[in-house]
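Just below is one structure, and these are the notes that go with it.
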Amino acid sequence: MGRFDGKVALVTGANRGIGQATAVRLATEGAVVAVNHRPTGNPDETLKQIETAGGKAFPVVADMRDPDMVKAMVKDVSRLGGRLDYLVSNAAINPLKKWTDITLEDYNQIQEINLRGTWVVVTESAKQMIAEGHGGAIVCVSSISAWVGAKEQTVYCATKAGIWMMVKSLATVFGEHNIRINCLLPGAILTDMSKELLDPASPARKYYEERTPLGRIAAPSECAGPIAFLLSDDASYITSSELLVDGGFITNAE
């Protein structure tokens, strides 16, 4: 038996990177996974990996910048899956730009996807769990960039710090409904979103590897395991917490 047998999980931004790895991990442990992707995205690779691993999943579409689409998606997950037990709020963007090049449209897009999008999917999912009459667990993917500033991630850092504090605040009101919420703060993870920054030939790659005690960049699957732990009953008395998954980089980052 898997530890998530009989449970339904929604993972946003699940067609690549940490979201994809997490969707596959939860499905291999028994959860039925709702694989979220943007209208222009393609969930096929994630669905294929889940099927190959013997898991079950179905796609759900929503642009995190569109609150109405996100609200409808949460309802669709419950309708198609029969219930909603877990949420992994992972979808985000991180355009690398100097602060002088950030336009108001850039700012709005980053904030609306990363921070407002997290708020909408988290609160709507919690409302759905409450309506279904059971508890649940939520993990929001923040970033080490919530802790340490970065020159070309000024708005991104602000949104990720906002997610971190949002988790702590919502934990104070979700607890009475038996809903736990925690935050993951990944460090240098090699994903599609970070591949430009972490290109093997880039100075940033060398910087991270030299300052990380484990001496390497992580794979998305190394975040999927901690996320699965935080959702599981093994973390039944953990809420409002942050888990730094950075290979120890923070010890040399400040």
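Only Lys, Arg, Asp and Glu carry charge here, each on its Cβ (+1 for the first two, -1 for the last two); on that basis the chain has a dipole of about 80 debye about its Cα centre. Beyond 17 Å, what percent of the Cα pairs of region 11-55 remain? It works out to 17 percent of all Cα pairs. The angle between the Cα long axis of helix 67-81 and the longest principal axis of the Cα atoms of the chain comes to about 50 degrees, rounded to the nearest 10.
Averaging sequence separations of C-alpha pairs under 8 Å and six or more residues apart, then dividing by the length of region 8-252, give the relative contact order as a whole percent. Rounded, it is 19 percent for region 8-252. Highest mean first, the peptides 91-97, 232-238 sorted by other C-beta atoms within 10 Å per residue fall in the order 91-97, 232-238.
With helices as the sole contributors, the chain gives -12500 deg cm²/dmol at 222 nm; each DSSP H run of n ≥ 4 counts as -39500 (n - 2.57), and the sum is divided by every residue. Note on the chain: Rg/Rh from C-alpha atoms, Kirkwood Rh, equals 0.95. Seen from Glu210, the other residues with C-beta closer than 15 Å to its C-beta sum to a net charge of +2, counting Lys and Arg as +1 and Asp and Glu as -1. The angle between the Cα long axis of helix 221-231 and the longest principal axis of the Cα atoms of the chain comes to about 40 degrees, rounded to the nearest 10. The packing ranking, built from the mean of other Cβ atoms within 10 Å per residue, places the peptides 63-72, 109-118 in the order 109-118, 63-72, highest first. Label zone (Tyr107, point 7 Å along Cα-to-C-beta; backbone nitrogen cut-off 18 Å) within region 155-173: 155-163.
Laboratory data are not the source of any read-out in this text; all were calculated from the coordinates shown. This is a predicted model, so every value here is computed, not measured. With ideal geometry, Cβ positions are generated from the backbone for all residues, glycine too; neighbour counts draw on all protein chains shown.
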